[in-house]
Each structure stands twice: as structure tokens, then as C-alpha cells.
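The structure appears right after this line, and notes come after that.
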Amino acid sequence: AQSVTQPDIHITVSEGASLELRCNYSYGATPYLFWYVQSPGQGLQLLLKYFSGDTLVQGIKGFEAEFKRSQSSFNLRKPSVHWSDAAEYFCAVEKKSSGDKLTFGTGTRLAVRP
Amino acid sequence: DGGITQSPKYLFRKEGQNVTLSCEQNLNHDAMYWYRQDPGQGLRLIYYSQIVNDFQKGDIAEGYSVSREKKESFPLTVTSAQKNPTAFYLCASKGPLNNSPLHFGNGTRLTVT
């Protein structure tokens, strides 16, 4: 069965430090890949997406993600974290023939130290 | 501005009562979705609809029902058969392309006591 794994439940970083959130998926072929962010009590906002082509994709708020086929990974990165980045981050995948159904990871909650 | 509106933001019900959560979108999207979010479990798909008057069960449809009489609206009813209904419910819609992202509402937190 297809699955998405975010191995880190909670991460705490200092403001200004770099960030990497991990995401691994298991599918037979390369799916569509997404990262979403959720502030407390809110819906999810799209950060970035990968469909094909350049494996390094840029998103909003200074985030980027790199698709690595050999590792079945799509890790999210930010060079310098801001206090406003504290939120929960979800990786999601959509099998290209799935008929529009996304599968979400369990999320990583990011805390930012002043 | 286009978007998805979920109402109410907070909902309280007694056990044994059915309750309907509203979801309206003005994005002209055909596809709409309902997800349930519980701490540590991410988002789980309840029901989805790709076109008016048609919908399919997601991964956790038991105890829920939906309707799709209008393109703009996709209400979710949490029935008394749902064993653990207290959760945060998110509605989403999706544009026409295969790789279009989901657009989410701000959610409804349902508490059943």
C-alpha cells in the first residue's frame, strides 16, 4: 500500500538556524509531491509542489524541497528559520493515476526558539 | 476573494445526535473533499466528490454521510453511528488539472460529549 512517512513528530530549532524536515514515500512510481503548512486551528496552505523536471523546487516563505528518486524522499528545507515559521508541516503525495486522492504524512510540528 | 468557507468554526453536540458541517467554495472547482484530523494521525480522507451529484467513500467513511447537490457546496453529516466523532474537520477543493493542489478551508472543530 502507498504510504508517506514523516519520521520526526516534533522539531525545535533556534531562530536563524537552518531547517530540514524529512519526508519519505513508498510508491511504485514517482508521484506528485506536496508540502503544506498548518497554523494552529487553521486549514492547510500549500508551500510547494513537485511534478517533474528540476528536482529542487522553490516555494513560498523561503522554503525549498528536493526530490531524490533514489531515496524516495522529498525533504523540505529553509536556510534561516523565522519565529513565524512555527507550525505543523505535512508532506503529501498523489499517485499520478489515483484519480485525485492525496495521501498525507502524519505531520511534523516545528517549534522555534527565540 | 475566492476561497473555501467552513462553518461553524466550533461545534458542540451531545452524543447520539447527528450534526452537519457546512463547506462552501467559490473557486468553481469540481472536486471537493472532507478530511478528518486527529493529533498524531495527519489527515484522513472521509469522502470526496469529483462532480455534482456524485461522491465516493474515502478511507474512513463509516459513520459519515455527504451530499453534492450543488457545485459550490459539500456538506458533511456526522451521524450517531460514528464512534469517535470529536475531531477537527477540514474541507478542501481541487482545480481541474491532475496535479492541481488542494485548497483548504479553515476547519470546524467538533466536540461531542
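Taken together, the values in this text are just the output of simple stated rules run on the coordinates, not laboratory data. Since this is a predicted model, take the numbers as computed values, not measurements. In this analysis, Cβ positions are derived from the backbone assuming ideal geometry, glycine residues included, and neighbour counts consider all displayed protein chains.
Per-residue answers, yes or no, for (1) exposed (fewer than 14 other Cβ atoms within 10 Å of the Cβ); (2) within 12 Å of another protein chain (Cβ to nearest Cβ); (3) farther than 23 Å from A:Tyr36 by Cβ:
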| site | (1), (2), (3) |
| --- | --- |
| B:Gly16 | yes, no, yes |
| B:Asp38 | yes, yes, no |
| B:Ser49 | no, yes, no |
| B:Ser67 | no, no, yes |
| B:Gln82 | no, no, yes |
| B:Tyr89 | no, yes, no |
| B:Ala92 | no, yes, no |
| B:Asn99 | no, yes, no |
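Residue under question is A:Glu20, and the condition is that it be charged (D, E, K, R), crowded, with 16+ Cβ neighbours inside 10 Å and either closer than 25 Å to B:Gly58 by Cα or away from chain B (no Cβ under 14 Å) (or both); does it hold? Give the derivation first.
Details: charged (D, E, K, R): yes; crowded, with 16+ Cβ neighbours inside 10 Å: no; either closer than 25 Å to B:Gly58 by Cα or away from chain B (no Cβ under 14 Å) (or both): yes.
Judged against the criteria, A:Glu20 is not a match.
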task: Determine whether the stretch B:68-88 contains at least one residue that is in contact (Cβ under 8 Å) with a residue 60 or more places away in the chain, within 17 Å of A:Gln45 (Cβ to Cβ) and of a type in the set (Val, Ile, Thr).
output: no
- request: Look through the stretch B:18-36, keep the residues that are surrounded by fewer than 21 Cβ atoms within 10 Å (Cβ to Cβ) and closer than 14 Å to B:Thr79 by Cα, and return whichever of them is farthest from the chain's Cα centre (by Cα).
  value: B:Asn18
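Quick check: is even one residue across the stretch B:47-62 within 19 Å of B:Leu110 (Cα to Cα) and in a strand (DSSP E or B)? Give the derivation first.
Restricting attention to the stretch B:47-62, the residues satisfying the condition of being within 19 Å of B:Leu110 (Cα to Cα) are B:47, B:60-62.
From what's left, in a strand (DSSP E or B): B:47.
The answer is yes; a qualifying residue exists.
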statement: Scanning the stretch A:43-71 residue by residue, those crowded, with 17+ Cβ neighbours inside 10 Å and not aliphatic (A, V, I, L, M) turn out to be A:Gly43, A:Lys49, A:Tyr50, A:Gly59, A:Phe63, A:Phe67
- line: Given the conditions (1) touching a residue at least 40 places away in the same chain (Cβ under 8 Å); (2) within 15 Å of B:Asn99 (Cα to Cα); (3) buried (at least 17 other Cβ atoms within 10 Å of the Cβ), every one holds for A:Lys96 apart from (3)
statement: Residue hits (the stretch A:73-114; part of a loop (DSSP other than H, G, I, E, B) and either within 14 Å of chain B (Cβ to nearest Cβ) or within 25 Å of B:Ala92 (Cβ to Cβ) (or both)) are A:Ala86, A:Lys95, A:Lys96, A:Ser97, A:Ser98, A:Gly99, A:Asp100, A:Lys101, A:Gly105, A:Thr106, A:Gly107
message: Conditions first: (1) of a type outside the set (S, T, N, Q); (2) under 30 Å from B:Asp30 (Cβ atoms); (3) away from chain B (no Cβ under 14 Å); (4) not in a loop (DSSP other than H, G, I, E, B). A:Gly28 passes all but one, so which condition is the exception?
response: (4)
- request: Just give me the residues in the stretch A:59-107 being within 16 Å of A:Val13 (Cα to Cα) and charged (D, E, K, R), in sequence order.
  value: A:Arg77, A:Lys78, A:Asp85, A:Glu88
